[in-house]
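See below for the structure under consideration.
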Amino acid sequence: MSNEIIFKAENIVKRYAAHTALDNVSIEVPRQSVYGLLGPNGAGKTSLIRIINQITAPDSGAVYLNGERLKREHISQIGYLPEERGLYKKMKVGEQALYLARLKGMDKKEAKAALDEWFKKFDIAAWWDKKVEELSKGMAQKIQFITTVMHKPKLLILDEPFSGFDPINTNLVKNEILKLRDEGTTIILSTHNMGSVEEICDHITLINKSKKVLDGKLTDIKAQFTDEEYQIEFKGNVVAFANAVWGGWELVNREQMGEHHFMATIKLMEGNNLTNYLKSILDHVEILSVNKRVPSMNEIFIKAVAQKDNVSPDEVEQSLNQENTEENE
Amino acid sequence: MSKIGLIIKREYSSRVKKKSFIIMTILVPILAAGFLIGAMILGMPEDRDLSIKVIDDSLIVGQNLHISQHNETENKNNPFADPEAHLKSKITYKPDIKLTLDEARALLDSDQANFDMILYIPENILVSNVVKLYYKEMPNSKAQASIMDNINETIEILKVKEANMDYQYYKSIKTQVAVHTIDNKSESDQDSQIEIKAGIGFALGLMIYMFIFIYGVQVMKGVIEEKTNRIVEVIVSSVKPFELMMGKIIGIMLVGLTQFAMWVVLIGIFSTLVMPFMLPDGYDVGTLAGEMNGPHTTAEVANAMGQQDQVIMQDNEIINFLFTQVPWGSLIAIFLFFFIGGYLLYGSLMAAIGAAVDSETDTQQFMLPVTLPLVFAYLISVMGMQDPNSTVMQWCSQIPFTSPVVMLVRYSANAGEGMTLSLITSMLLLIVTFIGTTWLAGKIYRTGILMYGKKVTYKELFKWLKY
């Protein structure tokens, strides 16, 4: 993976009548990476994506692809799978895929060849003459994915790519995304379901309430937000466990798994280390497993927002839950 | 191919290939031909002999009715008489002095009657000029006309005799004048027949009206379909929303023009191939066409104007009139212009409506203000046929929301004479307005198509214009 930047958005501001959808947001997407755009519903992700796709224009700020100001001609280099997706129901699958390919600027021959290849790859060549309304939802989603990538875009934008996909198709798409990245494509992937993308994103940007909260390499961010917390599964007396080491740690959580069987989450204070700690308790309890606890993306998000807004993580969580219920109403 | 070309092609071919399009395209001319033939058969005189019981309280008219029938041969040579007005069938009058009216009516009801109708002539016929005809089966209009002629003539003959005058002499001095209205600017010396011309314009205007409605709604439905299918966002990531909207509007317009052209061709084929077989001997298509179009229109219009003594044109005169007096070339060119202009104006508004709503059921509140002027234009045209150059018609033929229908009536009624200036201003206004509505619609469209789950108000739409 190189560190060359393929896509850059600088100080993007987008306002709608009553609210600001994007407030001075900048991102830099390295070539050949999977870039996660994470944030709760209504954070401004789709607004940013629509700007990247030139569906709407920013009120201020600039967008660059390969160092050039983004313009209409770049459309053929971008593939877009919107969150709200669909196809013409009455149109035949092949005809429709050809139509969408030609709108992306492919000529007829080239489009047909590319589609034949993809249809073979997904083992769906027999669907060419079927109408979309005859297909199941999963089948239609495969077609949709193909129409997004058939023109070999340099930049692929996937808005909530896994929503509505069943687990099998989710895996299929995840694998395809990684394969495309390895072949040289850069992927921007947006989702509010932060857990779903941890395993495939290389870089992330967290967006909340129209503002960027944090961005960087996923591994760096994880490291930054990881505390010295460990999960220790043991058998024995809990009092003996607690009394084994006198200072330098704190019990975050304790779960009883069975008779004399516990899972404790501990946090080590500064100046203490795991080896010493374990040495101290070894004589008192039987240790079954030890894991370093890595925070989930969701936890990182809440922490980051709390730090930025200078409020407690609980308050952030509360306001997020509130927003989600409003969204569902 | 350019992207907008691709969109037009998809919109066009996906609709033209639809079964409903093919069925409509074939069925409508068949139905139209069917109605035409049906109407013709219904309108044809029945060759049924009628026997009429005459109850005559005047004691003179009834028994002399037969004398008028002898004159029928002469009437055929009378230039004022309508040659078609007389029945081929025979009417027999049976005066009966024994029966009263009530008895005769009871008899007619009883199924045992050897007559078809009762003609009751009251005592004061010479003053009142009213007789009554009781029927079981309604006599057709030509039979009625024959009976009326017979009675009129009988009374005339009796009155002439009473005055010691010669009937032939009376006939020679009897006068019936026809007034031909001729536009002073016109080079031709023929009656300008403004009503017929207005009628032709109205027929064309009506077609524009229906076309705008049918295909405008298709534009709206198409936009809603793309929106509810959620395919629209994929497409606008490849083409500009405005291109998508215009592609749809133009594609559907071409569908409409195709359908229209096919109707013209098919109706032409049907009427030349099928009609001759449907007709009784001695008719040819030309006279039939004349009969179907001409007298009915004239009669209806004249009736509407409250004229009693209209002059009915002869069949060949009507055909001659249709070919020489109606400026078909310019009329068709103008028809196509207003057809396209009106459709673009309303079609773009319909596209905006489709973009603003989530489903067809939400369209009501926005449809009304758009369809209202169109319906208004139709009503104005119906009324305006009688007075095509009234102030209201002049205004409405300029206002772009009504001009596509109204201008056709006005232009045709005036045979294009003295219309050049108002035609040009009307056309320019229409062009400017549809560019304006398309621009507005484009603004609403590009915001609306990406807006889901929101009940849109007019206030909201207004905001979208400023985005």
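If you go through the stretch A:123-134, how many residues are open to solvent by 20 Å² or more (accessible area, probe 1.4 Å) and within 14 Å of chain B (Cβ to nearest Cβ)? Let's see the steps before the verdict.
Start the filter on the stretch A:123-134 by keeping residues that are open to solvent by 20 Å² or more (accessible area, probe 1.4 Å), which leaves A:123, A:125-131, A:133-134.
Filter once more, keeping what is within 14 Å of chain B (Cβ to nearest Cβ): A:129, A:131, A:133.
Within the stretch A:123-134, residues that are open to solvent by 20 Å² or more (accessible area, probe 1.4 Å) and within 14 Å of chain B (Cβ to nearest Cβ) number 3.
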Q: Given the conditions (1) surrounded by fewer than 22 Cβ atoms within 10 Å (Cβ to Cβ); (2) assigned to a helix (DSSP H, G or I); (3) more than 12 Å from chain B (Cβ to nearest Cβ), report the number of the one that A:LEU48 does not fulfil.
A: (1)
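Could you check the stretch B:392-467 for helices (runs of 4 or more DSSP H) lying wholly inside it with 1 or more residues that are open to solvent by 10 Å² or more (accessible area, probe 1.4 Å) and small (Gly, Ala, Ser)? Explain how you work it out, then say what you get.
Working: elements: B:403-413, B:420-448, B:458-464.
Of the helices (runs of 4 or more DSSP H) lying wholly inside the stretch B:392-467, those with at least 1 residues that are open to solvent by 10 Å² or more (accessible area, probe 1.4 Å) and small (Gly, Ala, Ser) span B:420-448.
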Q) Quick one: what pairs do we get from the stretch B:231-246, first residue more than 7 Å from chain A (Cβ to nearest Cβ) and in contact (Cβ under 8 Å) with a residue 12 or more places away in the chain, second among the acidic types (Asp, Glu) and in a helix (DSSP H, G or I), C-beta under 7 Å, 6+ apart or different chains? A) B:VAL232/B:GLU226
Q. Does the stretch A:174-188 hold any residues that are open to solvent by less than 10 Å² (accessible area, probe 1.4 Å) and assigned to a helix (DSSP H, G or I), and which are they?
A. A:ILE177
Q. Any idea how many residues of the stretch A:67-94 are within 9 Å of another protein chain (Cβ to nearest Cβ) and over 26 Å from the mean Cα position of the chain (by Cα)?
A. 5
**Q.** Failed condition for B:ALA145, given (1) on the phi > 0 side of the Ramachandran plot; (2) part of a helix (DSSP H, G or I)
**A.** (1)
Q.
For the list (1) in contact with a Ser or Thr (Cβ under 6 Å, 6 or more places away or on another chain); (2) under 15 Å from A:ILE157 (Cβ atoms), I need the number of the one condition that A:GLY36 fails.
A. (1)
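I'd like to check something: does the stretch B:369-376 contain any residue that is β-branched (Val, Ile, Thr), farther than 17 Å from B:ILE194 by Cα, under 19 Å from the mean Cα position of the chain (by Cα) and in the same structural domain as B:LEU204 (by TED's automatic domain parsing)?
Yes, the stretch B:369-376 contains a residue that is β-branched (Val, Ile, Thr), farther than 17 Å from B:ILE194 by Cα, under 19 Å from the mean Cα position of the chain (by Cα) and in the same structural domain as B:LEU204 (by TED's automatic domain parsing).
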Q. Hey, does the stretch A:110-122 have a residue that's in a helix (DSSP H, G or I), within 11 Å of another protein chain (Cβ to nearest Cβ) and either acidic (Asp, Glu) or crowded, with 20+ Cβ neighbours inside 10 Å (or both)?
A. no
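Do we find a residue being over 27 Å from B:MET220 (Cβ atoms) and part of a helix (DSSP H, G or I) anywhere in the stretch B:374-384?
yes
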(Q) Tell me the residue from A:PRO167, A:PRO153 that is assigned by TED's automatic domain parsing to the domain that holds A:CYS201 and open to solvent by less than 50 Å² (accessible area, probe 1.4 Å), please. (A) A:PRO153
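Table: residues versus (1) in a helix (DSSP H, G or I); (2) open to solvent by less than 90 Å² (accessible area, probe 1.4 Å); (3) assigned by TED's automatic domain parsing to the domain that holds A:GLU233.
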position	(1), (2), (3)
A:GLN256	no, no, yes
A:ALA264	no, yes, yes
A:LYS267	no, yes, yes
A:GLU270	no, no, yes
A:THR275	yes, yes, yes
A:LYS279	yes, no, yes
A:ILE287	no, yes, yes
A:LYS303	yes, yes, no
A:VAL311	no, yes, no
Q.
Report every pair of residues separated by at least 6 positions or lying on different chains whose Cβ atoms are under 8 Å apart, first residue within the stretch B:1-25 and more than 11 Å from every other protein chain (Cβ to nearest Cβ) and touching a residue at least 24 places away in the same chain (Cβ under 8 Å), second assigned to a helix (DSSP H, G or I) and among the aromatic types (Phe, Trp, Tyr).
A. B:THR25/B:TRP263
Q) Taking the stated definitions as given, is A:TYR64 more than 9 Å from chain B (Cβ to nearest Cβ) and out of contact with any Pro (no Cβ under 9 Å at 6 or more places or on another chain)? A) yes
Q | Within the stretch A:21-45, tally of residues that are in a strand (DSSP E or B) and open to solvent by 20 Å² or more (accessible area, probe 1.4 Å) | A | 4
Q.
I'd like to know if the stretch B:130-138 contains one or more residues that are modelled with pLDDT of 85 or more, surrounded by 15 or more Cβ atoms within 10 Å (Cβ to Cβ), touching a strand residue (DSSP E or B) at 6+ places or on another chain (Cβ under 9 Å) and in a loop (DSSP other than H, G, I, E, B).
A. yes
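The values are calculated or read from the model by the stated rules, or taken from the named source; none is laboratory data. Please read all numbers here as calculations on a predicted model, not as lab measurements. Note that we place each Cβ from the backbone using ideal geometry, even for glycine, and neighbour counts take in every protein chain shown. Only protein heavy atoms, including side chains, enter the accessible area calculation; ligands, DNA and RNA are left aside. Shrake-Rupley method; radii C 1.70, N 1.55, O 1.52, S 1.80 Å.
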